[in-house]
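Presented below is the structure to which this report refers.
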Amino acid sequence: MSDSDTSEKIEIARYHREIVEDFQHMLKKYVRIMEWDVPDVDEQEARSLVMQALKSALAEVEAG
């Protein structure tokens, strides 16, 4: 393992918490939007649907 490999792992570890918080923010954002559009929406169902959409979007980004 080279020094740059270690440096990159240390650097991304620093951002991990921020990345998690960004995903939490996106989840809350889109659940809130669904609640505006569908007033009687089940919050757990909305969270599940948004999580599925985020996972799908991440897979699309990973695929390039």
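The values are calculated or read from the model by the stated rules, or taken from the named source; none is laboratory data. Because the structure is predicted, anything quoted here is derived from the model rather than measured. So basically every Cβ, Gly included, is an ideal-geometry build from the backbone, and we count neighbours across all protein chains shown. The protein model used for the area step is the full one, side chains on, heavy atoms only, and it has no ligands, DNA or RNA in it. Shrake-Rupley method; radii C 1.70, N 1.55, O 1.52, S 1.80 Å.
Numbers for the structure displayed
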read-out: Nearest-ten-degree value, helix 43-63 long axis tilted from longest Cα axis of the chain; value: 40 degrees
read-out: Fraction of accessible area attributable to carbon and sulfur, the chain (%, probe 1.4 Å); value: 54 percent
read-out: Listed residues M34, M51 arranged by accessible area, highest first, probe 1.4 Å; value: M51, M34
read-out: Label assignment, percent of Cα pairs over 20 Å apart derived from the structure, set [x] 57; [y] 30; [z] 48; value: [z]
read-out: Charge dipole (debye, nearest 20) of the chain; +1 at Cβ of Lys and Arg, -1 at Cβ of Asp and Glu; value: 120 debye
read-out: Angle in degrees between helix 3-37 and the longest Cα principal axis of the chain, rounded to the nearest 10; value: 10 degrees
read-out: Solvent-accessible area of Y15 with every protein chain in place, 1.4 Å probe, in Å² to the nearest 10; value: 100 Å²
read-out: Exposure rank, largest accessible area first [R14, R32; 1.4 Å]; value: R14, R32
read-out: Surface per residue (accessible, 1.4 Å probe) for the chain, Å²; value: 87 Å²
